[in-house]
Amino acid sequence: METTHDYLFISLKLLGALGLLIFGMKMMSEALQKLAGPQLRHVLAKMTTNRLTGMLTGTMVTCAVQSSSATTVMTVSFVSAGLLTLAQAISVIMGANIGTTLTAWIMSLGYNVDLTNVVFPAFFFGMVLIYRKRHRYVGDFLFGIAFMFLSLVMLSTAGKEMDLEHNETVVNFFASFDTGSHLTILAFLAIGTLITCIVQSSAAVMAITILLCSTGVLPIYLGIALVMGENIGTTATANLAALGAGTQARRAALAHMLFNVFGVIWVLCVFYPFVNMVCSLVGYNPAATDQTAQLPVVLAMFHTCFNVTNTALLIGLIPQMERIVCWLLPEKEEAGRQELHLQYIQANLVQTPEIAVLQAQKETAHFAERMQQMFAQVRSLAKEDDEKQFDSIFQQIEQQEDHADQTELAIARYMEQVSEDHLSDETKQKIRQMMREVGELESIGDACYKLARTIKRKQESGKRLTTHLQQQLDDMMTLCDNALTQMNIIMKGHRNEHDIRDTYRIENDINQMRDRLKVGNIRAVNDHEYDYALGTIFADLISECEKLGDYVVNVVQARFGI
C-alpha cells in the first residue's frame, strides 16, 4: 500500500515537472520572440532568397526561440500574409526540424549534468530584471530557462525515485515487446504520434522518452520509435493553426507533415541499420545493459541524424513537394463573392503578436490600395454619360464604401485582440499608428462616397459641367490621385526609404488649386458664365477633393509616427 502511495506521489511530481517543462519552454520562446521583435520577422522575410538560406534561417530561428512549432506557425502566418512563397516556407520548415534537435541535446544534458547550480541564480536575476521594466523580457527568458532546467532536474529525480529498473512488472511489460519486429516499432511510433498530438508538445514526449530510456526499462529501439512518432505528432500544431486560414497557409502546414511522414517512411525501411549506425556514433551497444547513462545522448543523436538526413534528401525536391501539396489542396473558386474578405489577416490563425502586427500592416497597405481604386471609380463616374453604366459604377462605389467601414472595424478589432497580449513598446507604438491609419483611410472612403453622391446630384439635376470646369475638376482629381499614389508607395515601404515632404508638396499644390478654383468659380457665377446651382456643385466637388487630400496627409503622418 505504501509502495502504491509512493508511486502516486512520484507520478504527480512527474506530471508537475512535465507541466513546468512545457510552461518554461513556452515562456522562454515568447520572451525571445519579444526580445527579437521586428528583427525576427525581418530575418524570416528576407533571409529566404533560396532554399539553402531558407533552411539555414529556419534552423537559426528555431535554435533561438527553442520551438519548431513557433517557427512553423510563424512561417504559415507569413505564407498567409503573402510574405513568403510556398517553396520558401517549405525550406524554412525543413530548417525548423533541424533547429528543434537542439532541444533534445539540452534535455540529454539535463539528465547527465546537475543543473541546480544554474537554476536558482537564474530565478534570482530573472526576478530582478522583471521588476526593472526595461529588461523585463530578458527576465522572462531567464525565468523560462530556469523553469525548463528545474523541470529536467525534477524529471531526472522522479525517474530515480520510481526505480523502474527494479520494478519487475514494468520491466516485464516492456520486455514482452519484440524489439526486432517492425509491428512493434509501428505500434510505438503510433503511440508517440498520438501522445504528441494530445499534449501539443514534442518536448514533453521527448522528456518522457528520455526518462524511460535513462532508467533502462525502455529499449532504445522502442524509444527511437516514440521519437519518430513525436516528429509526426508535432506537425499537428501547425495544421490546427492553419485550419481556418487561406489555402496557401494550409498548404505550408501540409508540407510540414508530408516532410516528416516521408522521413519516417524511409527510416522504417532501413530502421535497424540506421539506428545501429547512430548508436555506433556515440559508442553505444544496443545489446548492452550497463550503458543506460548514454541513452539520452543516443536519442538526441538519432533526432539530429534523422532530421539532417531527411532535409538533405528532400531539399532538392522542394518544387516537387510544392506541386504535390498544391494538387492535394487545390485553390477554391471564389468568384462572385461580394462579402468582405480580408486578404492577409486570418483572425483564427494562431500566431505571435509580432506576426499579427505584420499581417495587420499588410492588410492596412492593401486597404490603402483599395481606397485609390475607389477614387479611380469616382473619376470614371465624373466622366460617364451613359445612365446604366453610371448607375453601375455608383453602386460599386457604394459597395466599396460599405467594405471600407467593415475593413476599418475588422482591422481595429484584430488590433485590439493583439494588444491584449504582452507587447514590446515598439509594437504598442505600431498598433497605435495603425489604428490612426485605418481611421483616416476610412475617411478617404467617406470622401470618395461624398464625391460620388455630389456627382450623382449633378446627374439627377440634368446639369453638365462646362468643358473648362470639367478640365479643372480633372486637374484637381489628378493631384488627389498623385497624393494617393505617394501614400501607397509609403505604406508599402519602410519609413526611412521615403520623404514625407513629397506628400506635403502635393498637399500644398491641392490647397493652392482649391483656393484658385474657388475664386474663379465665384467670379464665373457673378459673370453669369453658368448658374449658381452648378457653381455650388462644382465648389462642393473641389472642397471634397481638398478634404480627401487632408486625409491622405493624416495617413502618411500616422505612418511616420508624427
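Observations on the model:
- Average accessible surface for region 348-494: 45 Å² per residue, computed with a 1.4 Å probe over protein heavy atoms with every protein chain in place.
- Accessible area (Å², 1.4 Å probe, nearest 10) - residue 182: 80
- With N counted as the residues of region 469-531, its alpha-carbon radius of gyration over 2.2 N^0.38 Å works out to 1.48.
- Listed residue pairs exceeding 23 Å between alpha carbons, taken from 362/383; 430/492; 450/492; 388/547; 456/492; 362/547: 362/383; 450/492; 388/547; 456/492; 362/547
- Net charge of Cβ neighbours under 14 Å - reference residue 125; Lys, Arg +1; Asp, Glu -1: +1
- Potential extension, residue 501-residue 123 segment - 0.36 nm per residue separation minus Cα distance: 131.0 nm
- Carbon plus sulfur fraction of accessible area for region 378-495, probe 1.4 Å, in percent: 41
- In units of the compact-protein estimate 2.2 N^0.38 Å, region 458-562 shows a Cα radius of gyration of 1.25.
- Nearest-0.05 FRET efficiency for residue 489 and residue 428, computed from C-beta distance (R0 35 Å): 0.85
- Each Lys and Arg contributes +1 and each Asp and Glu -1, all at the Cβ; summed about the Cα centre of region 438-562, the dipole is approximately 200 debye.
The values are calculated or read from the model by the stated rules, or taken from the named source; none is laboratory data. Worth saying up front: this structure is predicted, and the values here are computed from it rather than measured. Don't worry about glycine lacking a Cβ; one is built from the backbone with ideal geometry, like all the others, and counts go over all protein chains shown. Each accessible area value is taken on the protein alone, full model and side chains, heavy atoms only, with ligands, DNA and RNA left out. Shrake-Rupley method; radii C 1.70, N 1.55, O 1.52, S 1.80 Å.
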